1. Please indicate, with yes or no, whether at least one residue in segment 10-23 is crowded, with 19+ Cβ neighbours inside 10 Å and touching a strand residue (DSSP E or B) at 6+ places or on another chain (Cβ under 8 Å).
2. Pick from segment 64-89 the residues that are open to solvent by 70 Å² or more (accessible area, probe 1.4 Å) and without any contact (Cβ under 8 Å) to a residue 12 or more places away in the chain: which of them is farthest from E39 (Cα to Cα)?
3. Tell me the residue from V25, V8 that is touching a residue at least 24 places away in the same chain (Cβ under 8 Å) and among the β-branched types (V, I, T), please.
Amino acid sequence: MGMVGWRVGVLRPDAENVDWTGRGVAPSWSVARRGALDELHLLIAGEGQRLEFRVEVDGLPAVVFPALRDDGSVDLSGLDDVVPVERYESLQ
């Protein structure tokens, strides 16, 4: 299995295109996903949570509308459904 790419970005108000602010490659799906989520948390902290964010891991896109919980953590409900913690690939 080769390297797995990831990227994160934000669609700012009145913008037509996503600003891809972070990207990287990792040796596996789970490491790439973790890198993308870490970068996403930093992006949300810097931009605020009332924007539309994008996450892409190994070409699999997800749109994220985060919310802030009472304890200050970021709620990314539903992201696991689109970008699962583990990805099973069929061998051919």
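1. Yes, there is a match, as at least one residue in segment 10-23 is crowded, with 19+ Cβ neighbours inside 10 Å and touching a strand residue (DSSP E or B) at 6+ places or on another chain (Cβ under 8 Å).
2. Y88
3. The conditions single out V8.
The values are calculated or read from the model by the stated rules, or taken from the named source; none is laboratory data. The model shown is predicted, which means the values in this text are computed figures rather than measured ones. Every residue, glycine as well, gets a Cβ built from its backbone with ideal geometry; the counts of neighbours run over all protein chains shown. Each accessible area value is taken on the protein alone, full model and side chains, heavy atoms only, with ligands, DNA and RNA left out. Shrake-Rupley method; radii C 1.70, N 1.55, O 1.52, S 1.80 Å.
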